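A quick write-up on the structure given underneath.
The values are calculated or read from the model by the stated rules, or taken from the named source; none is laboratory data. Fair warning: this is a prediction, and the values are worked out from it, not measured in the lab. Glycine also receives a Cβ, built like all others from the backbone with ideal geometry; neighbour counts cover every protein chain displayed. Surface accessibility is based on the protein's heavy atoms, side chains included, excluding ligands, DNA and RNA. Shrake-Rupley method; radii C 1.70, N 1.55, O 1.52, S 1.80 Å.
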Amino acid sequence: MNPEGSELYLDLMERVLANVIYEDVPIGWYGDLDGYDRDTRSEGRDLPTVAHTMVGLKRLKNVRSCVTRVLREGVPGDLIETGVWRGGVCILMRAVLEAYGERDRRVWVADSFEGVPETRPESHPLDQEMALHRINQVLSVSRAEVAGNFSRYGLLDDQVRFLEGWFRHTLPDAPTGPLAVLRLDGDLYESTTDALTHLYPRLSPGGFVIIDDYNIEPCRQAVEDYRGRRRITEPVRAIDGHGVYWRRASPE
């Protein structure tokens, strides 16, 4: 695919994944929304009934930018998202690999496919307070449905690998090898900590960490605690009112 064609393809992928084309009416998770609003969808502030992602155009463009940079600069490693919902972000990652003719990297799709874990007596207090499992009927999307969504774009192949199960069980021994892009969308303190603890050490210098739910207190606290323990000083950069990212420093 020529460079101009690649960019047009990826532009269209973003718009289709967020469904700013057919403009599906949101469910109304964030309150009483009066129909579809393009700005709200672009910022990922609604819950689509049909779209394959809820992160919005701004965060999709961030994913595309990060993946493109590691490909162009030769940062080694695979791509992973922890917490995928309907799979839209991972589908975009695979589309970027396709557009650039990259055959040696994989996209890891890590999810319980059952929603978020129920809080336990030993769960972090912020997770207990949030009790996000109460809306698992919305957050739970089956592996079969996610795989079907990849197939709809012609992007389900051997470069797509699924890690099914709770992060505390699947991530410690996940067979990913080095990572170039690590995107976290687990919402909770526990889920965010599990992903950082087991996957950040695999992130190549020059690779990117993307945090989707930094606006949510349990997630933000988990990130800040982990960065403090590891003495990570790379600046955290805002994407929109929700997500942030940073780039792991290259060794001197």
Given (1) touching a strand residue (DSSP E or B) at 6+ places or on another chain (Cβ under 6 Å); (2) more than 14 Å from N149 (Cα to Cα); (3) open to solvent by less than 10 Å² (accessible area, probe 1.4 Å); (4) not basic (K, R), number of the condition P76 does not satisfy: (3)
Can you tell me which of Y245, Y200 is in a strand (DSSP E or B) and under 17 Å from the mean Cα position of the chain (by Cα)? Y245
Taking the condition of being open to solvent by 10 Å² or more (accessible area, probe 1.4 Å), under 14 Å from R86 (Cβ atoms) and among the β-branched types (V, I, T), how many residues in region 45-69 meet it? 2
Condition met for L97 (open to solvent by less than 10 Å² (accessible area, probe 1.4 Å) and either within 17 Å of L155 (Cβ to Cβ) or free of Cβ contacts under 8 Å to residues at least 60 places away in the same chain (or both)): yes
All but one of (1) in contact with a helix residue (DSSP H, G or I) (Cβ under 6 Å, 6 or more places away or on another chain); (2) in contact (Cβ under 8 Å) with a residue 60 or more places away in the chain; (3) open to solvent by less than 20 Å² (accessible area, probe 1.4 Å) hold for G83; which doesn't? (1)
Are any of the residues in region 2-19 in contact (Cβ under 8 Å) with a residue 12 or more places away in the chain, open to solvent by less than 10 Å² (accessible area, probe 1.4 Å), among the hydroxyl-bearing types (S, T, Y) and in contact with a strand residue (DSSP E or B) (Cβ under 6 Å, 6 or more places away or on another chain)? no
Among (1) at pLDDT 90 or above; (2) in contact with a Leu (Cβ under 7 Å, 6 or more places away or on another chain); (3) open to solvent by 10 Å² or more (accessible area, probe 1.4 Å); (4) not in a helix (DSSP H, G or I), which single condition is W29 missing? (1)
Do you know which residues across region 222-240 are open to solvent by 60 Å² or more (accessible area, probe 1.4 Å) and touching a helix residue (DSSP H, G or I) at 6+ places or on another chain (Cβ under 9 Å)? R230, T233
Tell me yes or no: at least one residue of region 111-129 is at pLDDT 95 or above and not charged (D, E, K, R). yes
Identify all residues within region 120-162 that are open to solvent by 50 Å² or more (accessible area, probe 1.4 Å), farther than 15 Å from G87 by Cα and in contact with a helix residue (DSSP H, G or I) (Cβ under 7 Å, 6 or more places away or on another chain); write none if there are none. H124, M130
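Residue-by-condition table, conditions (1) farther than 20 Å from L10 by Cα; (2) in a loop (DSSP other than H, G, I, E, B); (3) of a type in the set (G, A, S):
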| residue | (1), (2), (3) |
| --- | --- |
| P76 | yes, yes, no |
| C90 | no, no, no |
| E102 | no, yes, no |
| A110 | yes, no, yes |
| G115 | yes, yes, yes |
| T119 | yes, yes, no |
